[in-house]
Amino acid sequence: MLSRRLITGPILILFLLLFVWWDDWLGPVMFGETQLASGIALLGICMMVGAFAGLELCTIAKRTGRSTSPMLTIFAVEVLLIVLWGGGEESDAGVILLVIVATWFASLWQHARGQRTKGVFNDAATTTAITLYVGGCLGFLLILRHDVSAWWIAAVVLITKSCDIGAYFTGCSMGRHKLIPWVSPGKTVEGLIGGLAMAAGISVLASLVLATYGYTVISWPMAIVLGVLLGLAGQAGDLSMSLLKRDAEVKDCSDTIPGMGGVMDVLDSLLLAAPIAWLCLR
């Protein structure tokens with residue numbers, strides 16, 4: 001498993017850097033006489049990732065007894081991402097609320113087909129929650145692209161994932177005290193501390209590199225704070241996903257990514273880190 005991760009991980013990082021470079025190079029795109037918002041390439045990858053993530057969560061929800069609507073969920077996630085991309089920080093709150101409300105009522109009646117009433121509240125709530133979980137949190141990356149830069153998105157991903165790496169190796173070498181064993185038996189307090197230290201270091205390094213090339217500048221104390229916050233958010237997101245998987249009695253969300261499980265197994269830490277990054281960097 002570790003050997004496959006050591007192969008898949010660098011490939012994903014290389015893909016991320018190439019994709020961010022492409023998105024930054026594209027900039028605003030013209031559609032006829034209309035200039036579209038920056039980040040259209042990022043929107044495309046978020047929509048693809050969001051579709052896989054939404055489908056995996058629908059599958060997990062089904063294993064817990066919930067009856068979701070995968071097609072409606074994926075459609076709602078895509079619409080929410082487009083709305084957030086189109087407006088950035090200035091996205092019309094009314095339009096966002098409209099997407100959420102429409103998802104709720106559409107899922108309510110979708111689950112009530114065939115005159116079924118039992119469980120429709122829980123099923124509709126699950127569909128709406130998945131839409132917010134995936135579309136809403138991924139949308140913060142699109143807003144971050146609009147308000148800061150594409151390269152800071154790459155930095156946020158690397159900082160958050162560096163905490164996972166630091167926590168894994170620190171925990172394996174010196175982990176003694178379990179963090180939350182009933183949710184994730186492998187996580188330790190020592191691993192968390194090591195992961196946060198590594199995230200802080202990568203954050204300082206990333207901020208120095210990006211400042212050199214003229215991107216958003218933050219002080220090194222703020223970079224340390226950012227690294228710790230993203231590390232904590234990433235670990236909380238990972239534990240939250242572990243909680244859902246334990247409820248569904250599955251180890252991985254799927255086997256889509258060799259050595260890493262499903263898309264949500266890779267994305268879980270980033271979904272909570274994205275809004276934290278936006279709050280800190282905007």
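The values are calculated or read from the model by the stated rules, or taken from the named source; none is laboratory data. Just so it is clear, the model here is predicted, and its values are computed rather than measured. Every residue, glycine among them, receives a Cβ derived from its backbone with ideal geometry; neighbour counts consider all protein chains shown.
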Just need a number here: residues in the range 241-282 that are more than 19 Å from Thr160 (Cβ to Cβ), in a loop (DSSP other than H, G, I, E, B) and among the hydrophobic types (A, V, I, L, M, F, W, C).
1
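Residue-by-condition table, conditions (1) modelled with pLDDT under 95; (2) within 22 Å of the chain's Cα centre (by Cα):
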position	(1), (2)
His177	yes, no
Met198	no, yes
Ile224	no, yes
Asp247	yes, yes
Asp252	yes, yes
Ile257	yes, yes
Output the residue which, of all residues in the range 83-129 that are at pLDDT below 90 and hydroxyl-bearing (Ser, Thr, Tyr), is farthest from the chain's Cα centre (by Cα).
Thr117
Filter the range 46-86 down to residues that are of a type in the set (Val, Ile, Thr), surrounded by 17 or more Cβ atoms within 10 Å (Cβ to Cβ) and more than 15 Å from Leu132 (Cα to Cα), then give me how many there are.
2
Take the residues of the range 138-174 that are farther than 16 Å from Gly234 by Cβ and touching a Lys or Arg at 6+ places or on another chain (Cβ under 7 Å): which is surrounded by the most Cβ atoms within 10 Å (Cβ to Cβ)?
Val148
Selection over the range 100-127 where residues are surrounded by 13 or more Cβ atoms within 10 Å (Cβ to Cβ), assigned to a loop (DSSP other than H, G, I, E, B) and among the polar types (S, T, N, Q) yields a count of 0
